[in-house]
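The structure appears below as structure tokens.
The values are calculated or read from the model by the stated rules, or taken from the named source; none is laboratory data. Remember, it's a predicted structure, so these values are computed and weren't measured experimentally. All Cβ positions, glycine included, derive from the backbone under ideal geometry; neighbour counts span all protein chains shown. Surface areas here come from the heavy atoms of the whole protein model, side chains and all, with no ligands, DNA or RNA. Shrake-Rupley method; radii C 1.70, N 1.55, O 1.52, S 1.80 Å.
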Amino acid sequence: MARKTFIAGNWKMNTTIEDAVALAKGVVEAVGSQDAVDVAICPPYVSLAAVKDVVKDSNVKLGAQDVHWEKMGAFTGKVCCGMLKSVGVTYVIIGHSEQRTYFHETDSTVNKKIQAALKAGLLPIVCIGETLDERKSGKMEAVVETQTRGAFEGISREDALKCTIAYEPVWAIGTGETATPEQANEAHVFVRKILADLYDEESAQSMRIQYGGSMKPGNAKELLSQSDVDGGLIGGAALKPELFEGIVNPK
Ligand code: PGA
């Protein structure tokens, strides 16, 4: 089954509103009219509204970097799905390793966020991935399996099909160190096996799995040409339109 490549930019805690608008304009100019690849950019919350105005007539979709699972109310500092919907967000990154490492994200909060996002009509980008210690001690598969099963617990097949998974080995994020195309593909094939077990083979074959971790123009083509790598979640290289473009149209 053909899975359309999906490249998403995760801007993390970078850009003022002014910077974000300029960067979004650059991205729209570079890749906003092509439709061979699905493209999304995920600016910080405070820039979502301004960036929405920039991308609205293009093929670039808007994403957020996190969401809280509660509907509304006394949750100081949090942003709910309804707010993201109202600003025009399509995708939401859930369970990023930085959230897991620094902000107490667990498989259970990831699951609650996915449920809330799907209910609100947002499309989750669900992040999973092992640390260097976990890989070195042979636990990559166990970690990725626990995270995947935890994320999708109680999620129907129909809803799971709306999700993208981002396999991001923590040791490759922002380090300049990339998983080899073979390492990435092997992990993706493994995740797809878990999805087939959770749902069925057809569903597993139709769900997109992005690779994330120091993807850049120089390594994108080889990574994206792997059988089970269906796109990328891009951090550092998403902050420069020419680098991001070099991943959307890798040479
Ligand atoms: P990186 O980040 O491309 O800077 O490694 C990827 C991510 O954390 O999503």
Subject >> Matching entry among 40, 50 (being touching a residue at least 12 places away in the same chain (Cβ under 8 Å), in contact with a Phe, Trp or Tyr (Cβ under 6 Å, 6 or more places away or on another chain) and either surrounded by 14 or more Cβ atoms within 10 Å (Cβ to Cβ) or at negative phi (or both)) >> reply: 40
**OP:** Could you grab me the full set of residues in the stretch 79-103 that are crowded, with 19+ Cβ neighbours inside 10 Å and in contact (Cβ under 8 Å) with a residue 60 or more places away in the chain?
**Re:** 91, 93, 96, 97, 98
**OP:** Starting from the stretch 203-216, keep only residues that are closer than 28 Å to residue 251 by Cβ and hydrophobic (A, V, I, L, M, F, W, C), then list their pairs with residues that are open to solvent by less than 10 Å² (accessible area, probe 1.4 Å) and assigned to a strand (DSSP E or B) whose Cβ atoms are within a distance under 7 Å, requiring at least 6 positions of separation or different chains.
**Re:** 207/165; 209/165; 209/167; 215/232; 215/234
Original post:
Can you tell me which of 60, 28, 67, 21 is free of Cβ contacts under 8 Å to residues at least 60 places away in the same chain and under 19 Å from residue 162 (Cβ atoms)?
Top reply: 67
